[in-house]
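Report on one structure; see the data block that follows.
The values are calculated or read from the model by the stated rules, or taken from the named source; none is laboratory data. Remember, predicted model here, so these are calculated numbers, not experimental data. Cβ placement follows ideal geometry from the backbone for every residue including glycine, while neighbour counts extend to all protein chains displayed.
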């Protein structure tokens, strides 16, 4: 059995805190967006929840960025351009074809590189493109009184709203895929357990190789 | 090693010391030499010391009227006169009665042992600093003497911006970086005597009829009203550095404004070994009556420019001096008196400072000034609205309609119905007339009138004025036809006025045979005829390009403006489309001989006029002054006196009439509707920029029932 | 999809063109009419300072009429005497003429086309009578009438074409000119400023009525007014049967994405949804879900294979 300590405590705490906030944000956000529909939260309840969770999420994102800057965790987000496309194709091929043929996983996490290229790319996009957009547009909503009347000839609140909504939908997609992908470890729960304990344990590969 | 350090310190200390000494002692001497003025300790003969007994006698006397009045009000009237008199006398002589009615300064002086009034020195003994209130309600403590020395009342000019005056070059005066001193001290107004440098104090040998040719000395000059007692105005204040010398500061006349009982008979010119200067009342009597400023104290001087010197209720003009009596100026400057007889506010006991609310010694004139008179607080309003508010007409059945007119008419337009009849409109300084009664030659007033359309006219006014005192404004309908500088103030069309001018010209021709009556009338009533076609074209372009903007600003209303023009000697080297630099007269030569050209020659020899025609003064202020004046290529330093002969000097009328604001002499009952709204009404709607159609409408009053109004 | 959007845009352009033509036509039609001459009255009443101080109340009574605003108002085409039927041809006007009531009803209810009007003045009166403004015993409401809010010389039915924010501001200023402490009373309202910029006071302070009129004249008490966010922040927002229905000629719901962007100058959470974006996003989410299920099923099959092989 090969076990690596992949996820330090702060990453795990951050991850689960973030996950919780995501659930709250999506639920309360849907309640605001589809206000009046059955089964959702009351508008006046959803509003403060969404606002507070949103602020916490923004803070948590800042904590994540700082954490990556001051600890060694940041290196997992540094792209290795050499062989990038090849690795991307390999990883894609695995998910699209190889996985059904029970081919071995092409990537093995190590302390140097815990994320596979596809994972890395998507996390980078989420954490450094979508999240800032989400936080900015959310903040603009919160302080909409200070926005200019129009933005590029359009109602500025409308622009902000559409950006916020589009990003939110993208993040819903991300969550779905993310939840599914974690089941594609060696066993269905390998990755999940790793995020709980911090230890990534692989057995099969050792045996086969 | 030690020696160089000591030497270094010596240099460091001595340089500022030497500079200070130079500034304090050498500069004033150099400046005096440059402008040819002198300073010396000023002595006043009536500043005498009283004994304690004399002091108490005076004190008793000064409160006697007040005590008697107070006692008489208390003692019942239904008793025999003798019994009443006895009781009054008892009551008025109790210590408490004396204490309560005595002017306050009696006790102050008694306690401080002051038995002689020495001028500002005595006042500053207690009033070295004073607490003033600004317009925004905030307070400050200022040095009293500095506050006064820097006020317009003392220096009558300012270099500060904030003027509502625009140069003919389109620039707001002193709004840019190069600020020049402007104000009455150098104002090119219609009265050459306003060159205060040359007309400060003069003694004139008159030969009145009643004395059968015997000489009588008379006093004349700007200093008769201005508070500096020196041999000249505070010329030092025109320079960027330097201060008024202490001798001059000691000559300041505090009491003419602050004493309740000031003897105007003490105001005459005295001659000492240094020159001529104005005497003042420095008696302890005057000093003991110091109290709050009142209209009475202001009017000692200011009735001169409002009601006029010969206005019958001008009390100061009744006390012309114990000796060397002051010469009365006969044509009134504005002819709108402030007196309880002729002004509703004065009659109501309203004091000057109720509207012109001072901040220390700085006194606001209001934000709307057409002339170049310096303003202590140019940003402070003096308006009717500040008391009367909105919708001021409450009594008349027509009140709503009267209030409706306020959007277009200033209050003065209806509530000043006429000026004093001796209000002067056209004055010929070049051809003086012998006044047999006074025994002097006086400038000839070609036309005087206080009537609307003649002595004053109605113009649109937004608060701006030109450098030569022409009201600026525009008809709110945006009409470009309204062009007073080419019409109303540049031409007299009233046939009565023209006839009167002709009559006067014929009269003048008897003494001055070279006068061509037709040409004279044309020049006086159509001053633009004096301009060459080229200058006329430039004038029209300058009005259109430079003044339109200042005319269109803000909201204009129709105001009454007193008109004035004068024929004077002009330095034609410095002529522009709006006039040329006028030259001053020497008062004595002028009044005594009637030789106006000779009077000019004497006056312009004055060193400060000579300096004016030299390069440093040109650079310092004259180029800028001329630019505002409408002369774009600078001041020409061609001194107009060569070998005792005037060179390139011609007699001319200014190319347009000046317009002076009139704001006093307010009548409680305003004009009748019909005075304006009639085909031959007092207001020329057409010239005010209304279309023919609008004019026709304004000239009729269909539907207005006038029966009540004319009752 | 693209074809659909472009036809929509074309339709939209055509609608705009028709609207513009109609506007031009109506302008031309207005010009053909003989302009009503107010000059006789406006000679005095256009004076901006025409006013007097009332002897009893000591208040300044403004008699001035903004002639430009009058010419733009719904009443601008009426002669003055059509409403003010007294002896006003002489000045000073006779006292009894000044106190004669205005003949509003004559036009607004008794004329033949009264029934066709969008607003029924009978209904307005009924609504107004239940309004807080009609509380008869409140001393501060003494003398309150239609003209307290609606200046008949400036009144315009609805200011289509002006920016929404300006309409809302003007409208709210009217209320705030009397209700000076309104700001403090609305501290509970989240994003107060934004609400006040985007919503008229009357949008919350009037009941929703069935009578097809865009807003009721029954101003509600504070307690009875709308506090429920969802009344506005939902797809069936009540704002949509009020001011916002004027925003564009066609219904917001059926507009394309582009038009929504252009015409939507006030976004309301919960109301201003982009149906296209919602549908698109939900579609993609659904598809992704299907793909993931299929992928999972494939993996399950593969897993079965491997276990079978082991066995």
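A few comments on the model shown:
- Which numbered condition residue B:611 fails, given (1) touching a helix residue (DSSP H, G or I) at 6+ places or on another chain (Cβ under 6 Å); (2) more than 22 Å from residue B:168 (Cβ to Cβ); (3) modelled with pLDDT of 95 or more: (3)
- Looking only at residues of the range C:58-83 that are loosely packed, with under 14 Cβ neighbours inside 10 Å, part of a loop (DSSP other than H, G, I, E, B) and within 13 Å of chain B (Cβ to nearest Cβ), we find that the one that is farthest from the chain's Cα centre (by Cα) is C:58.
- Selection within the range B:378-390: residues that are at pLDDT 90 or above and out of contact with any helix residue (DSSP H, G or I) (no Cβ under 9 Å at 6 or more places or on another chain). The member of this set that is surrounded by the fewest Cβ atoms within 10 Å (Cβ to Cβ) is B:389.
- Any hit, the range B:661-677, residues being within 14 Å of chain C (Cβ to nearest Cβ) and surrounded by 15 or more Cβ atoms within 10 Å (Cβ to Cβ): yes
- For the range C:184-195, filtered to residues that are within 14 Å of another protein chain (Cβ to nearest Cβ) and assigned to a helix (DSSP H, G or I), the residue that is farthest from residue C:230 (Cα to Cα) is C:193.
- Against the criterion of being loosely packed, with under 12 Cβ neighbours inside 10 Å and either modelled with pLDDT under 90 or under 30 Å from residue B:263 (Cα atoms) (or both), residue B:17 does not qualify.
- The sole residue among B:393, B:405 that is touching a helix residue (DSSP H, G or I) at 6+ places or on another chain (Cβ under 9 Å), in a loop (DSSP other than H, G, I, E, B) and either crowded, with 18+ Cβ neighbours inside 10 Å or facing chain C (nearest Cβ under 10 Å) (or both) is B:393.
- Within the range A:2-18, the set of residues being exposed (fewer than 14 other Cβ atoms within 10 Å of the Cβ) and either at positive phi or part of a helix (DSSP H, G or I) (or both) comprises A:9, A:10, A:13, A:16.
- Residue within the range A:166-179 that is at pLDDT 80 or above, facing another protein chain (nearest Cβ under 10 Å) and over 25 Å from residue C:294 (Cβ atoms) present: yes
- When the range B:695-711 is filtered for residues that are modelled with pLDDT under 75 and closer than 17 Å to residue B:680 by Cβ, only B:706 remains.
- When C:282, C:290 are screened for being exposed (fewer than 15 other Cβ atoms within 10 Å of the Cβ), at pLDDT 80 or above, more than 9 Å from every other protein chain (Cβ to nearest Cβ) and in a helix (DSSP H, G or I), only C:290 passes.
- For residue A:140, the criteria (1) in contact with a helix residue (DSSP H, G or I) (Cβ under 6 Å, 6 or more places away or on another chain); (2) within 14 Å of another protein chain (Cβ to nearest Cβ); (3) more than 22 Å from residue C:273 (Cβ to Cβ) hold in every case but one, which is (3).
- Taking the range A:19-137 as the region of interest, the helices (runs of 4 or more DSSP H) fully inside it that hold 1 or more residues being at pLDDT 90 or above and buried (at least 18 other Cβ atoms within 10 Å of the Cβ) are A:43-70.
- Residue match in the range A:191-209 (condition: at pLDDT 75 or above, closer than 30 Å to residue C:297 by Cα, within 11 Å of chain C (Cβ to nearest Cβ) and within 16 Å of the chain's Cα centre (by Cα)): no
- So residue B:129, is it in contact with a strand residue (DSSP E or B) (Cβ under 6 Å, 6 or more places away or on another chain) and either surrounded by 19 or more Cβ atoms within 10 Å (Cβ to Cβ) or without any contact (Cβ under 8 Å) to a residue 24 or more places away in the chain (or both): yes
- Any hit, the range C:44-52, residues being modelled with pLDDT of 90 or more, farther than 23 Å from residue B:698 by Cα, within 11 Å of another protein chain (Cβ to nearest Cβ) and surrounded by 15 or more Cβ atoms within 10 Å (Cβ to Cβ): no
- Considering the conditions (1) under 30 Å from residue A:171 (Cα atoms); (2) buried (at least 19 other Cβ atoms within 10 Å of the Cβ); (3) more than 11 Å from chain A (Cβ to nearest Cβ); (4) at pLDDT 75 or above, residue C:275 is excluded by exactly one of them, (2).
- Residue match in the range B:529-538 (condition: touching a helix residue (DSSP H, G or I) at 6+ places or on another chain (Cβ under 8 Å) and within 25 Å of residue B:478 (Cα to Cα)): yes
- Residue match in the range B:32-42 (condition: without any contact (Cβ under 8 Å) to a residue 40 or more places away in the chain and within 30 Å of residue B:121 (Cβ to Cβ)): yes
- For the range B:620-651, taking the residues that are more than 28 Å from the chain's Cα centre (by Cα) and farther than 17 Å from residue B:584 by Cα, the one that is surrounded by the most Cβ atoms within 10 Å (Cβ to Cβ) is identified as B:636.
- When restricted to residues that are within 22 Å of residue B:526 (Cβ to Cβ) and buried (at least 24 other Cβ atoms within 10 Å of the Cβ), the range B:473-484 contains 1.
- Failed item, numbered, when residue C:165 is tested on (1) part of a helix (DSSP H, G or I); (2) modelled with pLDDT of 80 or more; (3) farther than 30 Å from residue C:61 by Cβ: (2)
- Annotation note: Cβ proximity below 9 Å between a residue of the range C:137-149 that is farther than 15 Å from residue C:101 by Cα and a residue that is at pLDDT below 80 and part of a loop (DSSP other than H, G, I, E, B) (sequence gap 6+ or interchain) occurs for C:141/C:135.
- When residue C:249 is tested against (1) crowded, with 17+ Cβ neighbours inside 10 Å; (2) more than 10 Å from chain A (Cβ to nearest Cβ); (3) at pLDDT below 50, just one condition goes unmet, and that condition is (1).
- All of (1) over 30 Å from residue C:48 (Cβ atoms); (2) crowded, with 17+ Cβ neighbours inside 10 Å hold for residue B:411 with one exception: (1).
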